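What follows is a single structure, written as structure tokens, with notes after it.
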């Protein structure tokens, strides 16, 4: 991992602490690395109207895109689980819009990591190339 990539797990764990999860109590944080080396963090934000909730990964991507970034190299995802937490299906689909070669770093509460590509987590994805 490059130096910036190596900071993503800790940044995802810190972002998790900012989560607003009064209903599920399931806190998630993410840290997204852009192609130019900028890092955006995100946390899940729940809503009393459950469908209005947004996941940590999509929060980070939306923040990055709203600042002009569309090329991403890696994202770390951390929850309160002692096991690895993978991005949900909606987040996988959402991230695939920007490329399936994204490195996904799943982080446990004690900082262990499991690294995959988005393509391996979402094979046969539907994206811009299919339109």
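Below is a table of values for the structure above.
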{"read-out": "Residues that are within 15 Å of residue 33 (Cα to Cα) and either out of contact with any strand residue (DSSP E or B) (no Cβ under 7 Å at 6 or more places or on another chain) or surrounded by 14 or more Cβ atoms within 10 Å (Cβ to Cβ) (or both), drawn from the stretch 97-106", "value": "98, 99, 100, 102, 103, 104, 105, 106"}
{"read-out": "Odd one out for residue 99 among (1) within 14 Å of the chain's Cα centre (by Cα); (2) closer than 12 Å to residue 12 by Cβ", "value": "(2)"}
{"read-out": "Sole residue being over 16 Å from residue 5 (Cα atoms) and touching a residue at least 40 places away in the same chain (Cβ under 8 Å), chosen from 49, 79, 96, 86", "value": "79"}
{"read-out": "Every pair of residues 6+ apart whose Cβ atoms lie under 7 Å, when the first sits in the stretch 21-46 and is free of Cβ contacts under 8 Å to residues at least 40 places away in the same chain while the second is part of a loop (DSSP other than H, G, I, E, B) and exposed (fewer than 13 other Cβ atoms within 10 Å of the Cβ)", "value": "34/71; 35/71; 46/22; 46/23; 46/24"}
{"read-out": "Residues that are surrounded by 11 or more Cβ atoms within 10 Å (Cβ to Cβ) and under 28 Å from residue 83 (Cα atoms), drawn from the stretch 115-131", "value": "115, 116, 117, 118, 119, 121, 122, 125"}
{"read-out": "Test: residue 79 is within 29 Å of residue 130 (Cα to Cα) and either at pLDDT below 95 or in contact with a strand residue (DSSP E or B) (Cβ under 7 Å, 6 or more places away or on another chain) (or both)", "value": "no"}
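The values are calculated or read from the model by the stated rules, or taken from the named source; none is laboratory data. Note that the coordinates shown come from a computational prediction; the quantities given were computed from them, not determined experimentally. So basically every Cβ, Gly included, is an ideal-geometry build from the backbone, and we count neighbours across all protein chains shown.
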